[in-house]
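To start, the structure under review is shown below, and the notes come after it.
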């Protein structure tokens, strides 16, 4: 009986073996099944015997098995079948390839080559079902030492017993660009004199090119007269104000050093520079508060414990955004006063949490 005439059903199902079964497993399964259904045995079945024999004929050698795989095994389709990634030097990125099984049954997925010099497989499914595409996830990385296209390298594997592959190519962009201006040595002494003269005359943005200073796209200082000789270049003008911290900030630093808890530090929250400080109430509750200046007043916001939106403005004297109602205007005009009143509030809040009553305001009586 020829194998081509006998393959009328799924040979793997007929023999009860997986598509990945070895030839030894296929041979043992055939011997067991053929004995069970042999027509000369009690309960034998001639048709079943012919089907078992045909299934074995279809799987007994590599050529016949390849034919069976094309009809009954997994059929991997990968999209894209070539993965091209363009990255900057040193950049790392995650990419994916879709793998689809157009065969009749679920098949296990294995990776035979999952790593190369510029990429590696990060995640892959254990198997792929028909009609349910899965994702292969790769991490590609561009070397910071070289630019241009790397030689394509092959990601490969098996879906069931069927091989598949994807070419992966990483192109590294060149970050070199034409310099904005011809190389020159700038006279830093002349630059100093120019800037100090503008500061003394109150002209941080002078109109004359002989007084102006620019910075080009390579981070180089460019005198205004040089910039004027190269119109159309991408440059940024330097505003020549005096470098100085605000007088208010200097005054605040002195107050904090004298009156605030140790460890108080300056930081910025939501665009407001301010002071973060910590202390413990008389009842042992720990607080972390943030005081900041806005439109003439100092406001205090509770950072810890996390109580945002949990208490009413009247009962706990706290707005939904955790800003404390220090007074009718919410904020106070003095940093030291805002700090002192916030400590009083914290002790009142400790009592409020235990009794439901805030003790330090007549409007809570």
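Structural remarks
- Of the residues contained in the stretch 176-184, none is found to be surrounded by 13 or more Cβ atoms within 10 Å (Cβ to Cβ), assigned to a loop (DSSP other than H, G, I, E, B), touching a strand residue (DSSP E or B) at 6+ places or on another chain (Cβ under 9 Å) and at pLDDT 70 or above.
- Flag if residue 18 is modelled with pLDDT under 85 and in a helix (DSSP H, G or I): no
- Extreme residue, modelled with the lowest pLDDT, among residues of the stretch 321-330 that are closer than 17 Å to residue 288 by Cα and out of contact with any strand residue (DSSP E or B) (no Cβ under 6 Å at 6 or more places or on another chain): 321
- In summary, strands (runs of 3 or more DSSP E) completely within the stretch 87-132 and bearing 1 or more residues that are more than 18 Å from the chain's Cα centre (by Cα) and assigned by TED's automatic domain parsing to the domain that holds residue 162 occur at 92-101, 107-113.
- The stretch 216-228, subset surrounded by 13 or more Cβ atoms within 10 Å (Cβ to Cβ) and outside any helix (DSSP H, G or I), residue modelled with the lowest pLDDT: 217
The values are calculated or read from the model by the stated rules, or taken from the named source; none is laboratory data. What you see is a predicted model; the values in this text were computed from it and never measured. Because the Cβ atoms are built from the backbone with ideal geometry, glycine has one as well, and the counts that use them run over all protein chains shown.
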